[in-house]
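S.K.: Have a look at the structure that comes next, please.
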Amino acid sequence: MLTLLLVAGSALWLAHAESWSLGRRSPVLNYDTAQYALAARELARTGRFATTYALPIELARHAEPPWPLALVQPGLVVLEAAIFRAAPRELRIGGRSLAQWSRPDQMEWLVIPIVFTCYVMCGILLGLATAKLLRRHAPGISDPARMAAGATVGLAFLLDPEAQHFGVGGFTELPFTCGLVLAMALLSLDRAQKQPLLFGLLLGIAGAFRVNMLWLAPAFVIAAASLAPREGRGRVVGLAVLGFAIPLAPWWLYKWREFGAPFWDLGHYIVWDGVQGRTWFTLHHLPEPPRLPQGAEATGLIVAKTLGNLPGLLLKVTTGPRALWLGSLAAWIVLAGPPRTLRVAGVTALAVFALSVVTAAIGVPWLRYVFPGRILLEAAGILALWGLIAKAPPSALSAPMARALRIGVAALALGWGTWQTVAGNAEARASSETRGVPSTHTMLQIAVLMNREIPAGEAVMSNLGPTLAWHARRPVVHLALAPEDLDACRRRLDFRHVLLVFRDPEHAWGEWSSVVARPLEARQRPELNIQRARRFQSADGFVLVWLEMGPLGPGLACAGDDPGGVPPR
């Protein structure tokens with residue numbers, strides 16, 4: 001079983017990486033993953049938590065680079081930094097240099113082993129947990145049948161195209177999912193309440209990868225405490241909470257020192273995306289915090305947004321056999337009378353899934369943000385459906401028919417996964433052709449062009465954000481909301497160069513499209529203070545507009561910062 005899962009996982013990963021044209025049409029690092037790689041490179045180089053990339057809103061608190069970490073979590077940063085430090089600067093075999101990790105286009109590949117390992121390990125952990133659960137709770141099943149069941153659950157995960165996609169980039173989803181799968185295995189195998197400190201440490205380490213562990217951890221802690229004897233439940237809760245806090249305490253202290261609150265995160269603004277006309281851009285791409293509703297008005301707006309997002313999100317997460325897995329798990333908990341440990345684990349899987357769906361509805365209603373909870377639910381749902389079939393009375397279901405149904409469940413899970421993999425790879429091939437980010441080769445050309453003319457260490461502004469900061473090895477501020485906002489950003493940090501890189505003017509953001517289409521006309525607008533404008537075309541079809549800004553003029557005096565920030569645009 002383990003060999004099958006390892007080989008299948010490797011083959012599926014390679015197929016998706018090839019479909020995605022990883023490292024060719026599609027750079028290894030994208031907007032999200034480059035942020036972690038930048039922070040990891042800074043940690044490996046200087047030993048401090050900082051980054052050379054910032055959104056305009058961050059300039060309101062910290063104007064000068066390097067900037068404190070306002071968006072990323074520490075887990076993946078620490079892992080990547082350790083690999084960056086441990087990797088040899090040059091790899092040689094037989095006297096021939098195969099890779100020089102000091103080159104940015106080679107060093108970025110070092111993030112892949114982490115997520116690839118987590119991808120394969122999730123499949124193996126699910127397979128092992130399934131086999132162990134069946135050995136304990138279904139001793140009449142033969143070893144080949146147990147191994148087949150474990151392989152089915154593990155392969156169902158490996159065939160998930162979303163899991164494959166997270167495995168070809170430096171995303172946090174797979175390390176976080178590994179932690180959740182292991183935590184659920186400890187619950188199901190009756191180990192969590194017996195080793196609460198270790199269980200809490202596991203939850204804390206998982207929480208170092210995704211901030212939403214803050215509201216998922218209570219579900220796991222309550223589940224572990226409910227499995228303990230009544231007189232020992234307080235001890236389980238206390239030790240689990242202590243274990244959870246130990247790995248995260250240094251991070252909370254860092255947040256407190258840099259931002260004034262231990263749990264502060266710039267991503268919290270995302271709950272206002274789509275509320276009263278606000279978007280991710282209007283919330284983050286101005287150099288002042290947004291003015292936001294307060295009190296009862298705020299609660300009403302967030303509740304309305306959540307209720308509006310839930311139907312569409314629930315439809316997405318219940319497509320195909322997912323609705324069957326969800327219904328089977330609920331029915332198994334209510335009707336089958338499972339052992340108490342398994343009932344608690346099943347309820348916890350449902351709770352984690354529900355919390356994940358609600359969290360995504362409050363923020364951005366994408367399937368990506370439900371992924372870890374969905375994986376737990378689907379694995380538990382497959383097992384629950386097998387359990388319901390096993391619990392059916394002989395008068396209603398003969399032994400051959402029950403065997404056929406169990407095989408049918410496995411065939412459905414694997415068939416759905418195979419179909420999803422084929423569709424996912426086709427979508428990856430199409431997406432790689434129309435990506436909004438230039439190829440690695442073009443990114444390096446842009447970096448060389450910039451570094452010839454701009455002094456080392458001088459910050460620039462660009463819509464390429466962290467990917468440009470990675471390749472150019474210089475501070476980058478993400479593009480302001482509109483050309484008229486350049487002056488306000490420069491009052492915080494006086495950068496002199498703005499690089500706009502889009503496929504064509506139609507793909508440019510908002511009011512920037514006219515600048516990309518007619519940069520010389522934009523130069524004639526005195527309020528933009530553009531001293532020089534140049535336009536280039538890359539070999540892979542991207543338009544590069546390079547704006548050189550004039551010296552800052554005198555600004556208006558201000559009695560003090562407005563704590564409310566600016567109104568949404």
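S.K.: In segment 1-30, how many residues are touching a Gly at 6+ places or on another chain (Cβ under 6 Å) and assigned to a helix (DSSP H, G or I)?
M.R.: Summing the residues that are touching a Gly at 6+ places or on another chain (Cβ under 6 Å) and assigned to a helix (DSSP H, G or I) in segment 1-30 gives 3.
S.K.: Determine whether Gly127 is surrounded by 24 or more Cβ atoms within 10 Å (Cβ to Cβ) and closer than 15 Å to Leu186 by Cα.
M.R.: Yes; evaluated as a whole, the condition is true for this residue.
S.K.: If we keep just the residues of segment 227-270 that are in contact with a Gly (Cβ under 8 Å, 6 or more places away or on another chain), at pLDDT 95 or above and hydrophobic (A, V, I, L, M, F, W, C), which is farthest from Pro287 (Cα to Cα)?
M.R.: Leu239
S.K.: Among the residues of segment 34-70, which ones are among the hydrophobic types (A, V, I, L, M, F, W, C) and part of a strand (DSSP E or B)?
M.R.: Ala54, Trp67
S.K.: Looking for whichever is crowded, with 22+ Cβ neighbours inside 10 Å, part of a helix (DSSP H, G or I) and at negative phi here; the options are Ala354, Ala360. Which one fits?
M.R.: Within the list Ala354, Ala360, the selection yields Ala360.
S.K.: I would also like to ask the following. Looking at this structure, is Gly308 touching a Lys or Arg at 6+ places or on another chain (Cβ under 9 Å), free of Cβ contacts under 8 Å to residues at least 60 places away in the same chain, surrounded by fewer than 20 Cβ atoms within 10 Å (Cβ to Cβ) and over 20 Å from Ala183 (Cα atoms)?
M.R.: No: the conditions fail for Gly308.
S.K.: Return a yes/no flag: does segment 499-512 have any residue that is in contact with a Pro (Cβ under 7 Å, 6 or more places away or on another chain) and in a helix (DSSP H, G or I).
M.R.: Taking every residue of segment 499-512 in turn, at least one turns out to be in contact with a Pro (Cβ under 7 Å, 6 or more places away or on another chain) and in a helix (DSSP H, G or I).
S.K.: Among the listed residues Leu355, Leu444, identify the single one that is touching a residue at least 12 places away in the same chain (Cβ under 8 Å), over 30 Å from Ala219 (Cβ atoms) and under 26 Å from the mean Cα position of the chain (by Cα).
M.R.: Leu444
S.K.: Ok, one more. What tally of residues in segment 163-203 results from selecting those that are touching a Phe, Trp or Tyr at 6+ places or on another chain (Cβ under 8 Å) and within 20 Å of Trp109 (Cα to Cα)?
M.R.: Of the residues in that region, 11 qualify.
S.K.: While we're looking at this one, here's another question. Checking Leu189 against (1) buried (at least 22 other Cβ atoms within 10 Å of the Cβ); (2) farther than 25 Å from Arg368 by Cβ; (3) not charged (D, E, K, R), only one condition comes out false. Which one?
M.R.: (1)
S.K.: Then there is this: Quick check: anything in segment 304-322 out of contact with any Leu (no Cβ under 7 Å at 6 or more places or on another chain) and under 30 Å from Ala192 (Cα atoms)?
M.R.: yes
S.K.: Of the numbered conditions (1) farther than 21 Å from Leu266 by Cα; (2) among the basic types (Lys, Arg); (3) touching a Phe, Trp or Tyr at 6+ places or on another chain (Cβ under 9 Å), Arg340 satisfies every one except a single condition; which is it?
M.R.: (3)
S.K.: In addition: Give all pairs with beta carbons closer than 7 Å in which a residue from segment 6-20 that is touching a residue at least 24 places away in the same chain (Cβ under 8 Å) meets a residue that is among the basic types (Lys, Arg) and surrounded by fewer than 17 Cβ atoms within 10 Å (Cβ to Cβ); count only pairs at least 6 apart in sequence or on separate chains.
M.R.: Ser19/Arg429
S.K.: Quick check: is even one residue across segment 274-283 touching a strand residue (DSSP E or B) at 6+ places or on another chain (Cβ under 9 Å) and part of a helix (DSSP H, G or I)?
M.R.: Yes; the residues of segment 274-283 include at least one that is touching a strand residue (DSSP E or B) at 6+ places or on another chain (Cβ under 9 Å) and part of a helix (DSSP H, G or I).
S.K.: While we're here: Among the residues of segment 378-433, write down those that are without any contact (Cβ under 8 Å) to a residue 12 or more places away in the chain and either hydroxyl-bearing (Ser, Thr, Tyr) or in contact with a Leu (Cβ under 6 Å, 6 or more places away or on another chain) (or both).
M.R.: Listed by number, the residues that qualify are Ser395, Ser398.
S.K.: Hey, any hits in segment 320-329 for a residue that's surrounded by fewer than 18 Cβ atoms within 10 Å (Cβ to Cβ) and more than 30 Å from Leu227 (Cα to Cα)?
M.R.: Looking for residues that are surrounded by fewer than 18 Cβ atoms within 10 Å (Cβ to Cβ) and more than 30 Å from Leu227 (Cα to Cα), one finds at least one in segment 320-329, hence yes.
S.K.: Scanning for something at pLDDT 95 or above, in contact with a strand residue (DSSP E or B) (Cβ under 6 Å, 6 or more places away or on another chain) and not hydrophobic (A, V, I, L, M, F, W, C), does segment 414-432 turn up at least one residue?
M.R.: The answer is no, given that none of the residues of segment 414-432 is at pLDDT 95 or above, in contact with a strand residue (DSSP E or B) (Cβ under 6 Å, 6 or more places away or on another chain) and not hydrophobic (A, V, I, L, M, F, W, C).
S.K.: Picking from Leu5, Leu29, which residue would you name as being of a type outside the set (Gly, Ala, Ser) and closer than 30 Å to Leu414 by Cβ?
M.R.: Leu5
S.K.: If you don't mind, there's one more thing I want to ask. Would you please name the residue that is surrounded by the fewest Cβ atoms within 10 Å (Cβ to Cβ), looking only at residues in segment 284-293 that are out of contact with any Gly (no Cβ under 6 Å at 6 or more places or on another chain) and assigned to a loop (DSSP other than H, G, I, E, B)?
M.R.: Ranking the qualifying residues of segment 284-293, first place goes to Pro293.
S.K.: Further question: Looking at Leu227, Leu248 in this structure, which one is of a type in the set (A, V, I, L, M), within 25 Å of the chain's Cα centre (by Cα), surrounded by 14 or more Cβ atoms within 10 Å (Cβ to Cβ) and under 30 Å from Leu342 (Cβ atoms)?
M.R.: Only one candidate passes the filter, namely Leu248.
S.K.: Output the residues belonging to segment 32-43 that are hydrophobic (A, V, I, L, M, F, W, C) and either in contact with a Gly (Cβ under 9 Å, 6 or more places away or on another chain) or modelled with pLDDT under 95 (or both).
M.R.: Residues satisfying the conditions are Ala34, Ala37, Ala40.
S.K.: May I pose another question? Quickly run through segment 488-528 and pick out the residues that are over 22 Å from Gly541 (Cβ atoms) and either surrounded by fewer than 16 Cβ atoms within 10 Å (Cβ to Cβ) or among the polar types (S, T, N, Q) (or both).
M.R.: Arg491, Asp494, Glu511, Glu521, Gln524, Arg525, Pro526, Glu527
S.K.: Would you tally the residues in segment 17-31 being at pLDDT 95 or above and either under 15 Å from the mean Cα position of the chain (by Cα) or among the small types (Gly, Ala, Ser) (or both)?
M.R.: Of the residues in that region, 2 qualify.
The values are calculated or read from the model by the stated rules, or taken from the named source; none is laboratory data. Values in this document were obtained by computation on a predicted structure and should not be read as measured data. All Cβ positions, glycine included, derive from the backbone under ideal geometry; neighbour counts span all protein chains shown.
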